[in-house]
Ligand SMILES: *Cc1c(COP(=O)(O)O)cnc(C)c1O
């Protein structure tokens, strides 16, 4: 972590993507690449190989990269892998689950929403009950880590359930990929989606879908979108080694560098351990100031923490945000509709020292703004 603590005078982003990247990752963007360059296309294929290995997908899965932010890859996956006459169950405990429902609606694919509270993990028993009540359900679209509160859903149990019932499971693992264990070789998962600029600590600009090869190969012609056609992107890449349309070359080069650092750090177990350390330091420091996390510890993923906002009428998120940012740390607004909250990310090229410093900056901001926390 030695080099990562040196981030110059730029503020530290405590946001779940874009996030603070290492100097080596930023350095990798200083060179221009041509899209015909064999070395560039080799870089893409090596990235795909390394991404497959992170989720043990080498045998039966392929990795298809896609230009754009994470949502572009989610929309590409749903639009290219889910046939028009499918019925998709979406267990919903937050804004990113709601986004899945919106995408399905735009695609004209029938969906069934299964509502949970913002602080309640998706329940396997209730999903199974839905399968019984709605036998037309063919697919499940599941957010692994609901970033809007920081909530972890029980992916392994849901995958085992889908496997038992013969449902196709598509997972939005945007903010968990690389930090939390995901193993597609155990069965039950057909596709996993993530992006460059989250726990892999690259810069934003591309996503990827890790999909069962047989499923993708049977999906020609499903996509109604030209640009977001996962099958076409894959087929073109197999044929030519190139991206189908202009690749985000600097983003790809940065992801290569970020993956080299990910592997050198010790892969997913080490990345997850560093984030757990960050998360524990954050929650402990914030508790000493009087802040309470919104989620119970057992369902809190070590990626982003939602805190209850101070009740003091002197508190205003915008002023609080600005005071903390001036001290060098960028916070994130809350994304819950019912309670006033704010969020602090614990991912990126940062360690527990940064979390201690962020807590100190928050304490100073509260005192400058004369905001008191209830005892
Ligand atoms: C970040 C994120 C996305 C994608 O958001 P973009 O703004 O398009 O990058 C999707 N799902 C989850 C769970 C996320 O955390």
_If a residue must be away from the ligand (no atom under 16 Å from the Cβ) and in contact with a strand residue (DSSP E or B) (Cβ under 9 Å, 6 or more places away or on another chain), how many such residues does segment 166-183 contain?_
2
*asked:* Looking at segment 264-275, can you tell me whether even one residue there is in contact (Cβ under 8 Å) with a residue 24 or more places away in the chain and either within 30 Å of residue 83 (Cα to Cα) or in contact with a strand residue (DSSP E or B) (Cβ under 7 Å, 6 or more places away or on another chain) (or both)?
replied: yes
*Evaluation of residue 117 against (1) away from the ligand (no atom under 16 Å from the Cβ); (2) touching a helix residue (DSSP H, G or I) at 6+ places or on another chain (Cβ under 8 Å) (one fails), failing number*: (2)
*Among the helices (runs of 4 or more DSSP H) lying completely within segment 1-85, list those that include at least 1 residues that are farther than 23 Å from residue 253 by Cβ, touching a helix residue (DSSP H, G or I) at 6+ places or on another chain (Cβ under 8 Å) and touching a residue at least 12 places away in the same chain (Cβ under 8 Å).*
70-81
*Based on what the data block shows, is residue 102 within 30 Å of residue 340 (Cβ to Cβ), surrounded by fewer than 18 Cβ atoms within 10 Å (Cβ to Cβ) and more than 15 Å from the ligand (Cβ to nearest atom)?*
no
*In segment 299-320, which residue that is free of Cβ contacts under 8 Å to residues at least 40 places away in the same chain and in contact with a helix residue (DSSP H, G or I) (Cβ under 9 Å, 6 or more places away or on another chain) is surrounded by the most Cβ atoms within 10 Å (Cβ to Cβ)?*
307
*Go through (1) away from the ligand (no atom under 16 Å from the Cβ); (2) surrounded by 24 or more Cβ atoms within 10 Å (Cβ to Cβ) and name the single condition residue 161 misses.*
(2)
*Residues being more than 16 Å from the ligand (Cβ to nearest atom) and touching a helix residue (DSSP H, G or I) at 6+ places or on another chain (Cβ under 7 Å) - total across segment 190-229*: 10
_Exclusive hit being more than 30 Å from residue 13 (Cα to Cα) and either surrounded by fewer than 24 Cβ atoms within 10 Å (Cβ to Cβ) or in the same structural domain as residue 38 (by TED's automatic domain parsing) (or both), set 230, 200_ = 230
*Could you grab me the full set of residues in segment 231-256 that are away from the ligand (no atom under 16 Å from the Cβ) and under 19 Å from the mean Cα position of the chain (by Cα)?*
252, 256
*With the condition kept exactly as written, say whether any residue in segment 64-79 is more than 14 Å from the ligand (Cβ to nearest atom) and surrounded by fewer than 15 Cβ atoms within 10 Å (Cβ to Cβ).*
no
*Would you pick out the residues in segment 147-190 that are under 23 Å from residue 256 (Cβ atoms) and assigned to a strand (DSSP E or B)?*
177, 180
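The values are calculated or read from the model by the stated rules, or taken from the named source; none is laboratory data. Bear in mind that the values here come from a model prediction, so they are computed numbers and not experimental data. All Cβ positions, glycine included, derive from the backbone under ideal geometry; neighbour counts span all protein chains shown.
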